[in-house]
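Working notes, structure below.
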Amino acid sequence: MDRMDRGNPTARGSWAWRLLAVALVVSTAVPAAGQPTPGEAVEFVDGAEAELLDLAVRAERAAWVQSTYIIEDTQILAAQAAERFVAAQVAYGIEASRFDPVEVSEEVRRKLDILKSAITLPAPSEAAAREELTRIASGLEATYGSGRWCPEEGECLDLGELSRRMAESRDPEELAALWAGWRTVSVPMREEYRRFVELANRGARELGYADVGAMWRSNYDMDPAAFEAELVRLWEQVRPLYESLHCFVRARLVELYGPEVVNPEGSIPAHLLGNMWAQSWGWLYPELAPEGFDPGYDLTELLQDRGFDAVRMVETGEGFFTSLGFEPLPETFWSRSMFTQPRDRDVVCHASAWDVDEVDDLRIKMCIQVNDEDFATIHHELGHNFYQRAYNRQPYLFRAGANDGFHEGLGDTLALSVTPGYLVELGLLDEEPAPSKDLGLLLRMALDKVAFLPFGLVVDQWRWKVFSGEIGPDEYNQGWWDLRLRYQGVVPPVARSEADFDPGAKYHVPANTPYTRYFLAGLLQFQFHRALCDAGDGPLHRCSIYGDAEAGARLRAMMEMGSSRPWPDALEAVTGERRMDASALLEYFAPLTAWLEERNAGQTCGW
Ligand code: X8Z
Ligand code: ZN
């Protein structure tokens, strides 16, 4: 939860409160008969912020307990608290429309717009339906969090264990079993999800949106259709690079597994890429790297050899932020966070960052393993925390990222600066590898960052079609795999049917977390990185902003704005640019792109 989405109170909507508000307002504007005054709009927004803040904090506390101790009771308590918050959100969201014809300040207008659209889970106003929806939502996340696959022989495996085995095994049969095993967990979600969609859409319609997806798309300071067009534009910028990478990886997998397992001209079976969802392929680096592609070090090995544990990894991440001039994390961060997987209870291991009191009660929740992937994820999560604290003096409704992609991209921007040079400064590495090692480093990065991009689109392309009804309940799984094939060029390793619910095997579907944000973040982080690196200081992939107070100040200026300004203003504050753009990513990977083109010459790429 980078933040609980905004809610809206019902109790305050009573006639008595409104009468009082009207009586208190002194306004010079002369409203049309029956039309609220600008002063009333201010009162309304202030009241909404106070109540939503209070309810959000209550819901956050309950959600924290649920996620770190999954049992029936915590699910119910979390659902109840979420229900009160969501009820308020929707009530305020609906009421905000009353002020549409009223002339108000830019700030109040922005807050009214946020009240109407920034609701991730729009619940129907009818109490029974709303309760049912929040109960389903809480249950779906708990099903995911406590999910296990029990093979016929041996002990049951949770997602952490399944993922570790997927990262390491190179036996296609074992990989297919692990892959399919995790997807047994989401089968029971299917009917629940159908109902979830029905109820949430009902809520979205009450708020004036066609469906939940339309509502989510309306949060980008631009016309939702224009936003969709932006996504197409951005994807087309990076698609050729993705297809080159896909082509190279497929050819290597054919060499490794043979053409019976991997079709040399087709899509890649999704179980062979080292990751449960084929969303990032870095674990495969040792197998994929051609002769002479040694990056010069292996960060996982370095961390393990130096005896790093979870806390030391987090301290190191914090050290990056403080080197940029950010204040250290509060003492409570260290005492209240969950860094490792408890052995005695079910928790939601999927990494997340929290600001429980919406001010300074910052925490992360992770099941940290000592490896390079989790080291990067720690920077990602701390990025959320430092962002949350930077905007904590904004009014409640502006305590969010400039858009959600900014929130997701902030920590990743710092992680791009975890370069060999930085590792030398940390004392983890003795000396910087020669520039001849750069292709290795870039391939390693591309397997994570470039491979991820189409997946960053797929999840919401699917969900938006589900919310709009274009993908009906009887084609949930087929619709998912159509998109996986189209964007990623991957196929399931074993037969699938509409008895399965493979989208539910990805956290953000049962947790109802919008996903396009990660696609945006995947590009924005390079845009930020390029802007913060001094031009002429060598290639982008060798640049580290560690210790750069000026870079820190620029980031902080953007972060402190929260969502008080349209996101292009925030982007401009750091980069001088007002459009999201993939050219920085392309520049970063340019040497690898050239190499891939040469390497793929003569091959039939695509699928
Ligand atoms: O969910 C996350 C973060 C928490 S906001 C760990 N990420 C996406 C994922 O795991 O699918 C980060 C990258 C994409
Ligand atoms: Zn995140």
Can you sort C367, C150 by how many other beta carbons sit within 10 Å, fewest first? C150, C367
Going by average Cβ neighbours within 10 Å, how do the peptides 496-502, 558-564 rank, with the highest at the top? 558-564, 496-502
Of the listed peptides 387-396, 168-177, what is their order by residue-averaged count of other C-beta atoms within 10 Å, with the highest listed first? 387-396, 168-177
Using alpha carbons only, how many degrees (0 to 90, rounded to 10) separate the axis of helix 127-145 from the longest principal axis of the chain? 20 degrees
If one computes the Cα centroid of the stretch 420-453 and of the stretch 500-543, what distance in Å separates the two points? 18 Å
By how many degrees, between 0 and 90 and to the nearest 10, does the Cα long axis of helix 590-600 differ from the longest principal axis of the chain? 50 degrees
Lys and Arg at +1, Asp and Glu at -1: add these up for the other residues within a Cβ distance under 11 Å of R250 and post the number. -2
Summing -39500 (n - 2.57) over every DSSP H run of at least 4 residues in the chain and dividing by its residue count gives a helix-only mean residue ellipticity at 222 nm, to the nearest 500 deg cm²/dmol, of -18000 deg cm²/dmol
Cβ neighbours within 10 Å, averaged per peptide: list 530-539, 572-581 in order, most packed at the top. 572-581, 530-539
P(r), alpha carbons of the chain - 10 Å bins starting at zero, rounded %: 3, 16, 27, 28, 17, 6, 2, 0
Cross-link table K116/K365; K465/K506; K365/K506, entries beyond 22 Å C-alpha to C-alpha: K116/K365
Angle in degrees between helix 172-182 and the longest Cα principal axis of the chain, rounded to the nearest 10: 10 degrees
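Here, each number is a calculation from the coordinates, and none is a lab measurement. Computed from a prediction, not measured in an experiment: that's the story for all the values here. We place every Cβ from the backbone using ideal geometry, glycine too, and count neighbours over all the protein chains shown.
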